[in-house]
Structure formats: structure tokens, C-alpha cells
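The values are calculated or read from the model by the stated rules, or taken from the named source; none is laboratory data. In this text the structure is predicted, and so the values were computed from the model without any measurement. Here the Cβ positions follow ideal geometry from the backbone for every residue, glycine too, while neighbour counts run over all protein chains shown.
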Amino acid sequence: MENDMLNVGSDEVTQYYWDHCKQEKLMIQNCNDCKRFQFPPNLSCRYCSSNCIEWKKSNGIGEIYSYSVVYRAPSVFFEKYVPYVVALIKLDEGVMIESWIIQDELSDESVISIGAKVKTSYQDFGTYKLPVFKLLN
Ligand SMILES: [Zn+2]
């Protein structure tokens, strides 16, 4: 039920990613031909179409590229989380990942800013563990 609300699902391309999230490892794909990282996972390289894709463990550190504070839950499922911060994170490897910024004092938005350094954490939703981010102090 919760996974349906989160719109999370896996397939042959993403199963590896989700399995490692459960182990609290953030895996991203790297192309063996053009050497670029890509996210989300794909069957081939989205830059050069190569099929020589390799998984590499991200250091899980990045910075906030953009963010928004959500005060009004888009559905009943999210009501218990408001206010919460959704953000576009630019990982050190150069890829963008959309996620949540989790912090102890969500009411204090002043500590969240574009360019702020963040690190991966994980939130357990039963079948899936989702990578979320916390501010690096
Ligand atoms: Zn490539």
C-alpha cells in the first residue's frame, strides 16, 4: 500500500539499485566507454548508447541544486510528513537525484539553502528503503 502511494516499483534495470538501497548503498551507473555517470538507471548509456554499463557505489555526498518546502500534502499518505523538503541533489559524481531532505527541525527552513552539502541517509518504507538526504554539518 505505502509503496503504491510512493509510486515506487522495480524492474530488471532498477532491481539492483533497490536491492543495494536496502543495504544502504547508493549505486549509480557508469559507462565504460564514455566514462560518464548516469541516474536514474538505464539499460544503456544515455549519452553514447553503449551497453557497457557498470554499477559503482556513490560516496552519497552532494549538494542541494534546488528545493521546495511542501506544506500541503498532495495525498493522505503524505499528511504525516508535512512540512517536508523535496530537493534536487547534485551528487559528487555529477548526476542529479530527486529526494527528500530529512532533518530534525523541519520547521527551520533557514538552514536549507541551494549549494548546501548533504549526505545520503535511508528511510524504510517496508518493501523499499528510499535514499533521502541530511545536511552535512
Ligand atoms: Zn557512454
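Name the single residue that is farthest from Ile61 (Cα to Cα) among those in region 82-118 being exposed (fewer than 13 other Cβ atoms within 10 Å of the Cβ) and modelled with pLDDT of 85 or more.
The residue in question is Pro83.
Can you find a residue in region 30-38 that is in contact with a helix residue (DSSP H, G or I) (Cβ under 9 Å, 6 or more places away or on another chain) and either under 19 Å from Lys134 (Cβ atoms) or polar (S, T, N, Q) (or both)?
no
Spot the failing condition for Ile28; the list is (1) at pLDDT below 95; (2) closer than 22 Å to Thr120 by Cα, and only one is missed.
With respect to (1) at pLDDT below 95; (2) closer than 22 Å to Thr120 by Cα, Ile28 is out only on (1).
For region 41-87, which residues satisfy the criterion of being of a type outside the set (Gly, Ala, Ser), closer than 20 Å to Asp11 by Cα and within 15 Å of the ligand (Cβ to nearest atom)?
Hits for region 41-87 are Pro41, Asn42, Leu43, Cys45, Arg46, Asn51, Cys52, Ile53, Glu54, Trp55, Lys56.
Somewhere in region 43-61, is a residue touching a Cys at 6+ places or on another chain (Cβ under 7 Å), surrounded by 15 or more Cβ atoms within 10 Å (Cβ to Cβ), of a type in the set (A, V, I, L, M, F, W, C) and without any contact (Cβ under 8 Å) to a residue 24 or more places away in the chain?
Yes, some residue in region 43-61 is touching a Cys at 6+ places or on another chain (Cβ under 7 Å), surrounded by 15 or more Cβ atoms within 10 Å (Cβ to Cβ), of a type in the set (A, V, I, L, M, F, W, C) and without any contact (Cβ under 8 Å) to a residue 24 or more places away in the chain.
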